[in-house]
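The values are calculated or read from the model by the stated rules, or taken from the named source; none is laboratory data. Everything numeric in this text was worked out from a predicted model, so none of it was measured. Using ideal geometry, Cβ is built from the backbone for each residue, glycine included, and neighbour counts are taken over all protein chains shown.
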Amino acid sequence: MIASLANGRTRIRNYSTGADCHSTLGCLRNLGVEIDVQGTEVTIQGRGLDGLRAPGRQLDAGNSGSTIRMLSGILAGQHFASRIGGDESLSRRPMQRIMRPLAEMGASIRAREEKYPPLEIEGAPLHSVHYALPVPSAQVKTCVLFAGLFAEGQTSVIEPVRTRDHTEIALREFGADLTIERQKIAITGRPKLTGRDLAVPSDLSSAAFFMVAALLVPGSRLAIHGVGLNPTRSALLDVLSGMGARIRIPNLESANGELVGDILVEHAPVRGGVVEGALTAALIDEIPVLAVLGAASEEGLTVRDAGELRIKETDRIRTIVENLRRMGIAAEELPDGFVVPGRQTFRAAHFESYGDHRIAMAFAVAALAADGESVIEDADAASVSFPEFWETLAGVSSAAA
């Protein structure tokens with residue numbers, strides 16, 4: 001998205017093959033951006049801040065909450081009207097969190113039932129705001145910062161707790177004037193962004209499924225190379241290490257402002273623990289697979305302050321608990337989380353992914369520890385973020401065998 005607003009060409013290596021990221025490319029193409037995809041290398045001819053053009057049809061964000069929320073910040077600052085929606089799942093996800101700050105900045109946004117996609121966005125000259133996020137959200141933060149690119153003066157976002165900062169790093173890499181002071185991020189409007197050659201680190205949230213699999217399956221030793229270890233994303237490593245997991249990072253370097261390294265994991269019993277408060281926000285994408293590990297841990301796992309999970313692709317609190325129970329695992333559903341006692345036995349089961357990629361992948365990992373053959377309905381939901389998941393899992397499992 002930033003590359004499309006930059007001047008000149010940007011080449012991105014190791015671009016995700018996931019459907020969500022390619023939904024973003026589709027939306028940008030419909031806004032007049034020239035994009036060439038060769039495998040996992042993407043070349044984008046930037047059009048500058050004022051170069052996007054009105055789309056000829058509704059923009060399709062597919063299943064991607066990131067795409068619709070972040071791109072809306074850019075659409076709000078355009079000189080044209082646009083409409084953006086997505087699939088059935090995305091159409092059930094509320095959007096008031098981005099609609100409020102964008103309206104404060106001068107944009108006009110209409111939504112189905114005043115909160116659901118599709119969104120109709122009337123672009124307008126925007127004015128800067130100082131916006132305090134009511135709930136931690138990197139997507140909402142990004143939306144406001146992107147809108148701030150088109151506003152005169154300085155736009156700032158104050159976070160209640162720190163969230164992932166890939167947007168801040170990327171904006172600086174492209175030349176934006178951005179400052180960070182504790183939990184306040186400020187951006188100066190109308191910058192001149194310049195295209196770059198960049199490489200995307202491999203995704204820690206995707207690696208998490210294989211790390212937990214290695215911890216569950218006796219005798220496992222697993223190496224995962226070139227993983228993004230941004231400190232706002234690496235709470236997973238701290239939590240697993242604190243539980244007693246055998247994890248090493250033999251190589252660590254910085255590339256394009258992001259920390260990148262290799263991860264080595266060995267099978268080991270883990271203690272379990274409690275995830276709550278700011279830690280929950282830092283681990284929000286990894287919680288489904290951590291729930292699986294919790295059932296095998298010594299002390300179990302309790303998760304609180306995770307109400308955000310109820311408005312993901314599915315109500316993840318409910319679907320986690322339901323699928324655990326299908327395996328004969330005791331689990332208690334809380335309003336904002338769950339409790340999974342430890343030292344439990346995994347029974348083979350028939351799972352439902354409910355079209356949620358992280359639920360499908362988490363319970364594939366659970367199935368590795370089960371006493372027989374398990375079945376996962378709608379398993380291809382994994383393609384939203386990780387189309388190669390099943391092939392990779394089969395390869396790792398074969399190597400372990």
So if I check each of Ala3, Ala19, Ala61, which one is at pLDDT below 95, among the aliphatic types (A, V, I, L, M) and crowded, with 18+ Cβ neighbours inside 10 Å? Ala19
I'd like the residue in segment 258-271 that is surrounded by fewer than 22 Cβ atoms within 10 Å (Cβ to Cβ) and more than 20 Å from the chain's Cα centre (by Cα) and, out of all such residues, is nearest to Pro201 (Cα to Cα). Asp262
Residues of segment 84-109 that turn out to be of a type in the set (S, T, N, Q), outside any strand (DSSP E or B) and without any contact (Cβ under 8 Å) to a residue 40 or more places away in the chain, as a count: 2
Might you let me know whether segment 263-271 holds any residue that is over 17 Å from Val217 (Cβ atoms), in contact with a Gly (Cβ under 7 Å, 6 or more places away or on another chain) and among the hydrophobic types (A, V, I, L, M, F, W, C)? no
Checking the condition out of contact with any helix residue (DSSP H, G or I) (no Cβ under 6 Å at 6 or more places or on another chain) and closer than 25 Å to Tyr15 by Cα, which residue from Ala186, Ala208, Ala199 passes? Ala199
Of the residues that make up segment 239-260, is at least one in contact with a Pro (Cβ under 6 Å, 6 or more places away or on another chain) and more than 23 Å from Asp371 (Cβ to Cβ)? yes
Test: residue in segment 75-82 that is among the aromatic types (Phe, Trp, Tyr), in contact with a strand residue (DSSP E or B) (Cβ under 6 Å, 6 or more places away or on another chain), at pLDDT 95 or above and more than 30 Å from Ser202 (Cα to Cα): no
Count, please, the residues in segment 32-78 that happen to be of a type in the set (D, E, K, R) and farther than 17 Å from Asp197 by Cα. 5
With the requirement that a residue be touching a helix residue (DSSP H, G or I) at 6+ places or on another chain (Cβ under 6 Å) and under 17 Å from Arg304 (Cα atoms), what does segment 322-341 give you? Ala331, Glu333, Asp336, Phe338, Val340
Quick one: in segment 235-245, which of the residues that are buried (at least 17 other Cβ atoms within 10 Å of the Cβ) and either in the same structural domain as Thr10 (by TED's automatic domain parsing) or touching a strand residue (DSSP E or B) at 6+ places or on another chain (Cβ under 8 Å) (or both) is nearest to Leu216 (Cα to Cα)? Ala245
Please go through (1) touching a residue at least 40 places away in the same chain (Cβ under 8 Å); (2) crowded, with 19+ Cβ neighbours inside 10 Å; (3) in contact with a strand residue (DSSP E or B) (Cβ under 8 Å, 6 or more places away or on another chain); (4) more than 16 Å from Ser108 (Cα to Cα) for Leu71 and return the number of the only condition it doesn't satisfy. (4)
Lone unmet requirement of (1) in a helix (DSSP H, G or I); (2) over 30 Å from Thr179 (Cα atoms) for Ile68: (2)
If only one of Phe363, Phe351, Phe389, Phe346 is of a type in the set (Phe, Trp, Tyr), over 26 Å from Ser64 (Cβ atoms) and in the same structural domain as Gly273 (by TED's automatic domain parsing), which one is it? Phe346
Of all residues in segment 306-348, how many are buried (at least 19 other Cβ atoms within 10 Å of the Cβ), part of a loop (DSSP other than H, G, I, E, B) and within 22 Å of the chain's Cα centre (by Cα)? 4
Would you mind telling me which numbered condition in (1) among the aliphatic types (A, V, I, L, M); (2) closer than 16 Å to Leu393 by Cα; (3) out of contact with any Phe, Trp or Tyr (no Cβ under 7 Å at 6 or more places or on another chain) Leu240 fails? (2)
Residue check for Phe363: buried (at least 24 other Cβ atoms within 10 Å of the Cβ) and part of a strand (DSSP E or B): no
